[in-house]
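Contents: one structure, followed by commentary.
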């Protein structure tokens, strides 16, 4: 059995974030009781309506959604019911139904009955007051004519197509589509430099004789303008010049909303900022250009945190860290990490080894080392690592320059140094390793902990050599690709998949240091199997690692409620001795996960069983962590 509590951390940044995070994760704030509360039982009836429409009407009803929070007094219940008329009417309009009718009765009385308050009071002693919500949808309306004119009722010389607006004659006349089209009209003109474009009026006429909706938009496009001067506000501990250098707005260039969005994204990737607000001037300056103010909100510079991890086979660990988000005023970052681990027993490869491990590291980042899109990243660490395959004591340094071509794509090239003493089943070795890693990353996902769409791709190529040896060293390549797809608009059904592979070529297996070989098994690669267990072994059965690996996972992430989800999953993978993965080595596992969704990400509990285990493999694995498995 494997039980893992992932090393996810709770951070406290001098603002009460730790306590607030604990409250949001494990508790709810106390709700004060309502004086003279009137419990009631609502029933929503929408005959002959599609399930999606019934769901929309039910969701719009405050009587239904707030049924567990009874109002104060009979008058309070009556007010809530009367407000529901407009709420449900809006839901009908939003779905294209303009001839519907709504009847709400409380204790058998219509809302305008003169004795309704007395009827409510009379019904209270018998239990929850019955509330009936009867909705007749009427026919579905479709779009008739769709017209765009200026304020003098003249056709516009330049206008978006109906396809660009997302509506067309004959389509379902949902009020949400009418409002969305209004936004598309504004976006169309702003994309062409008309910063002050707006829809000043719209005329929506539902013809009940034909069940058609005719829409006329009155548009004031305004003049095309250029960007004017850019000012920076809110930068106190971060130098204003740092912000100014990363602004994507060029004075004199035609106004572009994309430039504003790019500026905001480029600044939000720095830890020093918690928010970025870009404000356009409400009028042109003396030169006829549009002034822009970029306002940043700074985060508290210092933070501390801690984490813990436990596994019945991989051991346990505790870690703590301290960090600074703006070391010298240019959003430089520094983080100090300390971790102490206990393997739970001696390494199988080194039976008399001490099971205690540790890792102490310092990580530094400096934005704009060469140009505003180039970041310096460096880390130094001293560590002792204990696994069943080897025991390593090492001092490491990695450093490089990462170029952020966009918010989604980056390339990094660097230097990797390691001085190590490693013991495994074949003995001990001392190495001084020098590598030149090249990393590529591409990420279009919408959430780092719980993605519902997009892909993540990452690849690393690293040639490395051993100082003091005349022969050329090996080369390593590894890559991974993950994809996420929501099957419905509410993102309650999400398919997720991941595949990863790697190879080392240019050296025999035993000539590659044990810590540089590939291993598969455990919660990060192949659930249901012990850590590193799906890896090559020597004649004595000791894990020795491989020159290649292949893993793949597939999950169906299903939300049962807003806070609870289930995840059936399937994993496969193995490490192989040769430089090409051997499909005959593959191990398979399947399982079921439980998710509890919180404001800081889903809490994950996975139970997996191996499908083709070896005789000494355990029967199942249990994994607990914060965030999805990938």
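No value in this document is a laboratory result; all are computed from the given coordinates. In this text the structure is predicted, and so the values were computed from the model without any measurement. Don't worry about glycine lacking a Cβ; one is built from the backbone with ideal geometry, like all the others, and counts go over all protein chains shown.
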Output the Kirkwood hydrodynamic radius of segment 395-456, Cα pairs only, in Å rounded to one decimal.
14.5
What is the angle, in °, between the Cα long axis of helix 17-26 and the longest principal axis of the Cα atoms in the chain? Nearest 10 is fine, range 0 to 90.
70
Two-site label geometry, residue 327 and residue 598: point separation in nm, points 7 Å out along Cα→Cβ
3.1
Calculated FRET value between residue 176 and residue 397, using beta carbons and R₀ = 51 Å, to 0.05
0.35
If each residue of separation counts as 0.36 nm, what is the full-extension length gain between residue 239 and residue 282 once their alpha-carbon separation is subtracted?
12.8 nm
Determine the distance separating the Cα centre of segment 417-442 from the Cα centre of segment 244-273; give it in Å without decimals.
41
Given C-alpha coordinates of segment 571-613, what is the ratio Rg to Rh with the Kirkwood estimate of Rh?
1.21
Cut-off 19 Å, label point 7 angstrom out along Cα-to-Cβ of residue 224: give me the residues of segment 244-271 whose amide nitrogen falls inside.
250-260
Taking 7 Å along the Cα-to-C-beta vector as the label spot, tell me the residue 441-residue 163 distance in nanometres, rounded to one decimal.
3.8
As a Kirkwood estimate from alpha-carbon pairs, segment 54-96 has a hydrodynamic radius in angstrom of 10.7
Could you tell me the center-to-center distance, by alpha carbons, between segment 567-630 and segment 60-109 in angstrom?
48
For the pair residue 308 and residue 258, what calculated FRET efficiency results from E = 1/(1 + (r/R0)^6), where r is the Cβ-Cβ distance and R0 = 35 Å, to the nearest 0.05?
0.20
Label point 7 Å beyond Cα of residue 295 along Cβ direction - residues of segment 214-236 with amide nitrogen under 19 Å:
228-236
Calculated FRET efficiency for the pair residue 487/residue 216, C-beta based, R₀ 22 Å, to 0.05
0.05
Rg/Rh for the chain to two decimals, with Rh computed the Kirkwood way over all alpha-carbon pairs.
1.05
With equal scatterers on the alpha carbons only and no solvent term, can you work out the Debye log10 of I(q)/I(0) for segment 142-220 at 0.11, 0.20, 0.22, 0.27 1/Å?
-0.26, -0.84, -1.00, -1.39
Report, in cubic angstrom per residue, the convex hull volume of the C-alpha atoms of segment 226-298.
77
Quick calc: nm separation of the 7 Å Cα→Cβ label points for residue 201 and residue 408 -> 4.2
Per-residue [θ]222 nm for the chain (sum of -39500 (n - 2.57) over DSSP H runs n ≥ 4, rounded to 500)
-4500 deg cm²/dmol
Provide the convex hull volume over Cα atoms per residue for segment 519-630, in Å³.
93
Only residues of segment 542-578 count here: report those whose backbone N is under 16 Å from the spot 7 Å along Cα→Cβ of residue 480, or say none.
549-555, 570-575
Cα-based convex hull, segment 40-136, per residue volume (Å³, whole number)
90
